[in-house]
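The values are calculated or read from the model by the stated rules, or taken from the named source; none is laboratory data. Keep in mind it's a predicted model, so treat the numbers as computed, not measured. Don't worry about glycine lacking a Cβ; one is built from the backbone with ideal geometry, like all the others, and counts go over all protein chains shown. Ligands, DNA and RNA are stripped out before the accessible areas are found, and what is left, the full protein with its side chains, is counted by its heavy atoms. Shrake-Rupley method; radii C 1.70, N 1.55, O 1.52, S 1.80 Å.
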Amino acid sequence: MNIGDDKDALTQMASRFVDQLTQCRKLKLEVLEGSGNHVLMELPYDKQLVGYPDTGVIHGGVITTLMDTASGCAVVCSIFDKFGLLEISPTLDLRVDYMKPAEPHKPVYGFAQCYKLSSSVAFTRAIAYQDSIDDPIAHAVGSFMRISPEMVGEEFRQALMGASNE
């Protein structure tokens, strides 16, 4: 896979998107890679995220947040890559199928793709995993509402585009 300047720009935009979300900052979610068709994020292990103290397993709701955020980020990147527009796209529906618990003391990765854009809805699929994407913790499919670029506030637009630091 060739990593070009556009991909670097989308990774930066995806990172700024995640940084705008308080819950994501609290979870310390980090965008590792963003492109026109996918986003890869990392959720570091933190004992405060444990849902089962006896086992040290991360709470399933945190995994859902990772997958929802990665999917929403993939939508933002896909729309920007395809149309050059910045849209907000709230989650309409997210179905998560859990296959196994995450192993304690290890980060969890979320890989999400926006595989279809209609005029009003974006469709995504995502995988949460640790050591190998071929051994998933969970799969998700989602749909996200496309809201007109005019509805994006100027402060949010500047934050995502990196203009707030100028």
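What the table below lists for this structure:
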| item | result |
| --- | --- |
| Residue match in the stretch 141-157 (condition: part of a helix (DSSP H, G or I), farther than 19 Å from residue 24 by Cβ and in contact with a Leu (Cβ under 7 Å, 6 or more places away or on another chain)) | yes |
| Whichever residue in the stretch 29-67 is outside any loop (DSSP other than H, G, I, E, B), open to solvent by 50 Å² or more (accessible area, probe 1.4 Å) and not polar (S, T, N, Q) and, among such residues, is nearest to residue 9 (Cα to Cα) | 32 |
| Residues satisfying the stated conditions in the stretch 14-28, i.e. open to solvent by less than 20 Å² (accessible area, probe 1.4 Å) and in contact with a Cys (Cβ under 9 Å, 6 or more places away or on another chain) | 14, 18 |
| Considering residues of the stretch 89-136 that are hydroxyl-bearing (Ser, Thr, Tyr) and exposed (fewer than 14 other Cβ atoms within 10 Å of the Cβ) only, the residue nearest to residue 33 (Cα to Cα) | 132 |
| Check on residue 10, closer than 25 Å to residue 153 by Cβ and in a loop (DSSP other than H, G, I, E, B) | no |
| Test for residue 82: is it outside any loop (DSSP other than H, G, I, E, B) and open to solvent by 40 Å² or more (accessible area, probe 1.4 Å) | yes |
